[in-house]
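The values are calculated or read from the model by the stated rules, or taken from the named source; none is laboratory data. As the structure is a prediction and not an experimental result, all values here were calculated from the model. We place every Cβ from the backbone using ideal geometry, glycine too, and count neighbours over all the protein chains shown.
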Amino acid sequence: MKRSAQVIITLAGLVLAFPAVLPADSQGAPFTGTWEMNATKSQISDARSTTLVIQQVGDKIKIAATTKKGDSSIATEFTCPTNGKECEFDEGGHKSKISLYFNGPALEIFKTDGPDTDSASQWNMQVGPDGKSLTIAVSHILPAGKDETLVFDKKAGE
């Protein structure tokens, strides 16, 4: 009886530990690809368009964005693990801090030390059930501002 109790406790421990050893790409994989902003479905504060390229790089996620507004274009990029550790974020020449973690199927991103017009914000990224749409809910924390919803369509062939 004592031996079977030890086996059950050991098996229970393995079952509880199993999610911790799942590879990071099992969560990041749905986000990978090239995403084009769908302006008609998005609720944004200005007339801009954005293209995202999201890649899994080992245990990190790399996001490169090109945002166009009028005749100007800004490229931003970061590569960061999904463990909540702070990373550098090149925000069109302005150096910010960013951290990522998964909250179920959602990728949560926190940005701090941004430019005065967007010093701190939170982004909640979720891939639609069909895998062909990506929604980013943006909460502007500092300075406080109207929340935005950006909807992206996955580029065909990816």
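Descriptive notes on the structure:
- Evaluating residue 39 against the criteria (1) small (Gly, Ala, Ser); (2) assigned to a strand (DSSP E or B); (3) under 22 Å from residue 153 (Cα atoms) leaves one unmet condition, (2).
- Taking the listed residues 132, 62, 95, 69, the one that is surrounded by fewer than 16 Cβ atoms within 10 Å (Cβ to Cβ), of a type outside the set (Phe, Trp, Tyr) and modelled with pLDDT of 95 or more is 132, with no other qualifying.
- Residue match in the stretch 47-58 (condition: under 18 Å from residue 153 (Cα atoms), touching a Gly at 6+ places or on another chain (Cβ under 8 Å) and part of a loop (DSSP other than H, G, I, E, B)): yes
- For the criterion of being surrounded by 15 or more Cβ atoms within 10 Å (Cβ to Cβ), over 15 Å from residue 28 (Cβ atoms) and of a type in the set (Asp, Glu), residue 88 fails.
- Filter pass, residue 90 being of a type outside the set (A, V, I, L, M, F, W, C) and outside any strand (DSSP E or B): no
- Close pairs (9 angstrom Cβ cut-off, 6 or more residues apart or separate chains): closer than 15 Å to residue 69 by Cβ and free of Cβ contacts under 8 Å to residues at least 12 places away in the same chain in the stretch 30-50, among the β-branched types (Val, Ile, Thr) and in a strand (DSSP E or B) anywhere: 39/151
- Some residue of the stretch 77-85 being touching an Asp or Glu at 6+ places or on another chain (Cβ under 6 Å), crowded, with 16+ Cβ neighbours inside 10 Å and at pLDDT 90 or above: yes
- Of 157, 131, all but one fail to be in contact (Cβ under 8 Å) with a residue 12 or more places away in the chain, outside any helix (DSSP H, G or I) and under 18 Å from residue 54 (Cα atoms); the exception is 131.
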